[in-house]
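The values are calculated or read from the model by the stated rules, or taken from the named source; none is laboratory data. This structure is a prediction, so every number in the text was calculated from the model and none was measured. Cβ placement follows ideal geometry from the backbone for every residue including glycine, while neighbour counts extend to all protein chains displayed. Quick note on the areas: whole protein, heavy atoms, side chains included, nothing else; ligands and nucleic acids left out. Shrake-Rupley method; radii C 1.70, N 1.55, O 1.52, S 1.80 Å.
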Amino acid sequence: MPVRAWRFKSSHPHEPGAVRAGREDRAVAVLLTGATLTVDEVLRVARAGEEVRLDAAALERMRAARAVAERALADGVEAYGLTTGVGVRKAFRVDSAGHERLLVQQHLIGQGPAAPADAVRATALRLANALAQGTSAARPELAEHVVAALNDDRLPPVRLLGSVGQADLAPLADLAAGLLEGIEPARGEAIALLNQNAFSTGLAALALADAERLLDVLDVAGALDLEALGANPGALHPALDAVRPSPGVRAARARLAALRAGSAVTVRSLQDPLSFRTLPQLHGAARDAFAFVRAQVELELNAHQSNPLVLVDEGVVVSVGDFEAAGLAGALDVARLALAPVLGSAAERAVKLLQAPLTGLPEGLGARPGLVESALSELGIAVQAFAAEARLAAQPVSLELVSTTQAEGIEDRTTMAPLAARRLAEQVRLGARVVAVELLLAAQACDLRGEQLGAGTAAAHAAVRRLAPFVGEGDPLPDLEPLVHAVGSGALAPA
């Protein structure tokens, strides 16, 4: 595997203005078919402002589905959310012309801070793709309206809290209320906008992509740790690929080995601490887990997530429970459980680099032996604090089942999928701080060791030094925020 080049980005993908700047030179568009949306396309639209278009065949499916809904309305058949109320009011017939708008208004229960702009864009994209499936009563004009608002970057604020993940009613009510300003929804369109898991799924796509990017940088930091310790390279022996046939382990070992290619660092020990010696296995397990999670997220990006289901071929409207997102919530729990030990191990390596008996370097990575000053020692406290919070964020939430109705008890299951996605995003943010400390300490140790690094690890060391200087005798600790920013943006990941 060749050593990769290094890239540096001029701005963080979450910075204000990133979407508008990205839209000016877009040459391609994401085509919504209702069945082919990917995590990478969500990123391109949510953060780079790529244009969105509706597939012509999708528009035809929507027209056909709307015709089925219109026949149900004309015939007066019982069709959930179309001719009847919703939830416990399913037995009541809809007879008010203003029912659709009122249904949205009475679901405006969201609270808390506004969701980030990229999360709102990801939600609108997922919602538009759901409409493009042609399995709801929504007219094609409604889907075109959502896409136009997304392309013009004029989406309303959406509050972050209030959904239990059994359809994201609260955030989608915020989105729907803003989108419906100035237009009159047709019968059945309010529930088509509300009764989706678009918010959970959009958040999940963004959080997973950030977690994957963080794992790339963790490989870089791990390789630099091996140089900093003078670790035994046997842990990266190519025979590992055959005797442990895991795609993730194979990829992790190859990346770590490529980063260290050309290293002349002296090996100091036969048996290194496990946090160094098991790097390929630990990072590989996370890669395998993330591959599973990505498959689940992309399934949900294209799955029917609502109730009712309009079946064009049969000409009927069927009451279902496709807002059940247990697969998504469980997969996000898996992602956090896989990332937590990777971050814990990174923190352990960072702390061990501060210990003279293990490294043969000055205690606390001081500029010279015998210094009374703390040097970088206190960063061991901070990195363990970040890692501890990241581990706590891994607590599974898909186990949390609550009832949300006061009558009939029909809504007696939840998934907490939005919480699962938000916690993954928070875990990644904490992880960026763990890795920033890890990189700073590894770079300091490599400077003190003064030996030839591999081509990739030398590039990583140089990248760290552009953001954080060597801590000399009597120097204060550098500001770590530029390094945290670089880790979080992926600027320190191999291109």
Practice task
Once you have the Cα-Cα distance between residue 371 and residue 48, take 0.36 nm times their residue separation minus that, and quote the gain in nm to one decimal.
Solution key: 111.4 nm
Handout entry: Protein-only accessible surface order, largest first, of 276, 386, 92 at 1.4 Å
Key = 92, 386, 276
Handout entry: Per-residue SASA entry for residue 244, accessible area with 1.4 Å probe, Å² rounded to 10
Key = 120
Practice task
Let me know the charge dipole size of the chain about its Cα centre in debye, to the nearest 20, where only the beta-carbon of Lys, Arg (+1) and Asp, Glu (-1) is charged.
Solution key: 960
Problem - Computed [θ] at 222 nm, deg cm²/dmol, the chain (DSSP H ≥ 4; -39,500 (n - 2.57); rounded to nearest 500) - result: -17000 deg cm²/dmol
Problem - Of all accessible heavy-atom area on region 374-495, the percent that carbon and sulfur account for (1.4 Å) - result: 55
Exercise for the section: With the Cα gyration tensor of region 84-135 in hand, give its eigenvalues times 5 under a square root as the equivalent ellipsoid semi-axes, listed largest first in whole angstrom. Expected result: 27, 17, 9
Fill in the blank from the handout: Placing each pseudo-label 7 Å from Cα in the direction of the beta carbon, residue 479 and residue 183 end up separated by a distance in nanometres of 4.5
Exercise for the section: Would you mind computing, in nm to one decimal, how far apart the modelled labels at residue 243 and residue 89 are, each placed 7 Å from Cα along Cα→Cβ? Expected result: 6.7
Exercise for the section: Diagonalise the Cα gyration tensor of region 252-333 and give the resulting equivalent ellipsoid semi-axes, square root of 5 times each eigenvalue, largest first, whole Å. Expected result: 49, 13, 6
Practice task
Leaving out ligands and nucleic acids, note down the accessible area per residue over region 228-375 with a 1.4 angstrom probe, in whole Å².
Solution key: 40
Practice task
Using only the alpha carbons of the chain, determine the length spanned along each of the three principal axes and report them from longest to shortest in whole angstroms.
Solution key: 87, 48, 46
